[in-house]
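S.K.: Here it is: the structure, laid out below.
Bear in mind these aren't lab numbers, they're just calculated from the coordinates by the rules spelled out. These figures come from a predicted structure and were not determined experimentally. Every residue, glycine as well, gets a Cβ built from its backbone with ideal geometry; the counts of neighbours run over all protein chains shown.
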């Protein structure tokens, strides 16, 4: 009787833990009010760095006129148990500069439907190991390190 009660309590505990909410944050935009401090036509890229920080990524070298853009993006998702994650907050800001490094536009989007995430992944270079390679691939490395340290 006592063992079944402990098993029941353990099972219920596992169910409760499995339904715990998981919050995931990707990227960082900061406060949108900081982007309102940017003066179009006046501020330079250095002043933007001071006001809002470094961008997530930048795009340059494609425009013939020498202009470039900085991108800031963030996404907060919430997942309950085995359900699909839901977007709770999403922001994207693009700061565009002319060839002199002066801000020419700032565009902000907080609508998740405006931002389409790419599902593709970039494969990294190098060799890919199978299961056996993953399990046993490091054995030779450690032996070689041990032999090298013994020679010293």
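S.K.: Taking the Cβ-Cβ separation of residue 104 and residue 83 as r and a Förster radius of 30 Å, what is the calculated FRET efficiency to the nearest 0.05?
M.R.: For R0 = 30 Å, the calculated efficiency reads 0.10.
S.K.: If each residue's Cβ is checked for other Cβ atoms within 10 Å, how do 75, 104, 86, 21 rank with the fewest at the top?
M.R.: 21, 86, 104, 75
S.K.: May I ask you to sort 38, 23 by Cβ crowding, counting other Cβ atoms within 10 Å and putting the fewest first?
M.R.: The fewest-first ordering by Cβ neighbours comes to 23, 38.
S.K.: Evaluate E = 1/(1 + (r/R0)^6) for residue 65 and residue 24, where r is the Cβ-Cβ distance and R0 equals 35 Å; express this FRET efficiency to the nearest 0.05.
M.R.: 0.35
S.K.: Taking N as the number of residues in segment 21-118, what value does Rg over Cα atoms divided by 2.2 N^0.38 Å take?
M.R.: Segment 21-118 yields a ratio of 1.23.
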